[in-house]
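A.B. asks: Here it is, the structure, as structure tokens.
The values are calculated or read from the model by the stated rules, or taken from the named source; none is laboratory data. For clarity, every value in this text was computed on a predicted model and none was experimentally measured. Cβ coordinates were reconstructed from backbone atoms using ideal geometry, including for glycine residues, and neighbour counts include every protein chain displayed.
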């Protein structure tokens, strides 16, 4: 199958958004409360999931490699 460009664009957009939001929190990490630290943790999870989704798609569609978990992408 061909690469789904819309899927990759969506995942790249999600990655950029998570990075931008996380950057704002990281700059003041020492001053963050519990909820802000949890928000940062969630953004990191979003970042990893979007990256893995893009990776899995490219590996499968471009190279015919099927992975079963996120760590196999990285």
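A.B. asks: Kindly establish whether residue 44 is buried (at least 16 other Cβ atoms within 10 Å of the Cβ), within 26 Å of residue 6 (Cα to Cα) and touching a residue at least 12 places away in the same chain (Cβ under 8 Å).
C.D. replies: no
A.B. asks: From the list 49, 61, exactly one residue is surrounded by 14 or more Cβ atoms within 10 Å (Cβ to Cβ) and touching a residue at least 60 places away in the same chain (Cβ under 8 Å). Which is it?
C.D. replies: Working: 49 fails: touching a residue at least 60 places away in the same chain (Cβ under 8 Å).
Only one candidate qualifies: 61.
Table: residues versus (1) loosely packed, with under 13 Cβ neighbours inside 10 Å; (2) more than 17 Å from residue 70 (Cα to Cα); (3) at pLDDT 95 or above.
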| position | (1), (2), (3) |
| --- | --- |
| 2 | yes, yes, no |
| 6 | yes, yes, yes |
| 9 | yes, yes, yes |
| 13 | yes, yes, yes |
| 16 | yes, yes, yes |
| 21 | no, yes, no |
| 29 | yes, yes, no |
| 32 | no, yes, no |
